[in-house]
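Undergrad: The structure under discussion is supplied below as structure tokens; questions concerning it will follow.
The values are calculated or read from the model by the stated rules, or taken from the named source; none is laboratory data. Every value quoted in this text rests on a predicted model; they were computed, and no experiment measured them. Every residue, glycine among them, receives a Cβ derived from its backbone with ideal geometry; neighbour counts consider all protein chains shown. Surface areas here come from the heavy atoms of the whole protein model, side chains and all, with no ligands, DNA or RNA. Shrake-Rupley method; radii C 1.70, N 1.55, O 1.52, S 1.80 Å.
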Amino acid sequence: KTGLDMKISILSSNAVEENLRVVKERRQEAQNRLKAIKFDIAVYKRLLRALKAAQDRSRDRYVAPVHAELSPLLRMICPDAQPTIDPETGLITKIARRDLDEDFDILSWGTQEQISLMVQLAFAQMLAKAGRPALVILDDAIVHTDDDRIEQMFNALTRQAEGQQIIVFSCRQRTFRVLGGESLAISHPEVASRRN
């Protein structure tokens, strides 16, 4: 019996040592993984700080100047309107009119469309003032605009066209004829040859 106890004791101590070795290896693997995760976290935090700084620089470079260009344009269609611009995204979130704040999302399609167009014109004007004029292309713009407001939009477009080129694609030829400029038509080659 003593020999059997000794054999069991030896076998059990070997198993304990083997288990201890396995546990140590797993512990080392876990420590290595933790070190890699901590490194990744540090890299992501640094990247996040760099992106935030770039976003802040971009906002400072574009949002305030575009807002300065936008305000007079916006007043051409809504004399008492004042936009609220989200400092993080640079997007218009509200319009204050007659001491009433309205969320941009609940404005009519026509008003949203007009404000969006004014933002494009303001951005183009800012670029032009910085010596980098940009072509403004409007594709079926102001389709949701009523007759009274469309005249104000045309005034804004005419004012902006004095300093930059604006191309308007539209199926509403009569409506845009009042703007002047050169009207071009695109037709299929077969149709054009039949006319000649």
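Undergrad: Output the residue which, of all residues in region 42-62 that are open to solvent by 80 Å² or more (accessible area, probe 1.4 Å) and among the hydrophobic types (A, V, I, L, M, F, W, C), is farthest from residue 90 (Cα to Cα).
TA: My answer is 47.
Undergrad: Whether any residue in region 116-123 is farther than 15 Å from residue 76 by Cα and not in a helix (DSSP H, G or I) is what I want to check.
TA: Checked region 116-123: no residue is farther than 15 Å from residue 76 by Cα and not in a helix (DSSP H, G or I).
Undergrad: For region 73-90, which residues satisfy the criterion of being part of a loop (DSSP other than H, G, I, E, B) and touching a residue at least 12 places away in the same chain (Cβ under 8 Å)?
TA: Matches in region 73-90: 78, 80, 81, 87, 88, 90.
Undergrad: Just give me the residues in region 114-142 being among the hydrophobic types (A, V, I, L, M, F, W, C) and loosely packed, with under 14 Cβ neighbours inside 10 Å, in sequence order.
TA: 130, 135, 137
Undergrad: List, please: which pairs have Cβ atoms under 6 Å, are six or more places apart or on different chains, and start with a residue in region 143-154 that is over 18 Å from residue 81 (Cα atoms) and end with one that is outside any loop (DSSP other than H, G, I, E, B)?
TA: The qualifying pairs are 144/109; 144/110; 144/113.
Undergrad: If you go through region 126-159 one residue at a time, how many are acidic (Asp, Glu), outside any helix (DSSP H, G or I) and farther than 27 Å from residue 62 by Cβ?
TA: Result for region 126-159: 1.
Undergrad: Do we have any residue at all in region 64-72 that's touching a Phe, Trp or Tyr at 6+ places or on another chain (Cβ under 6 Å) and buried (at least 18 other Cβ atoms within 10 Å of the Cβ)?
TA: yes
Undergrad: Also, quick follow-up: Just give me the residues in region 146-196 being within 22 Å of residue 120 (Cβ to Cβ), small (Gly, Ala, Ser) and modelled with pLDDT of 70 or more, in sequence order.
TA: Passing the criteria: 156, 161, 163, 170.
Undergrad: Looking at region 80-107, which of the residues that are of a type in the set (Asp, Glu) and open to solvent by less than 60 Å² (accessible area, probe 1.4 Å) is modelled with the highest pLDDT?
TA: In this case the residue turns out to be 102.
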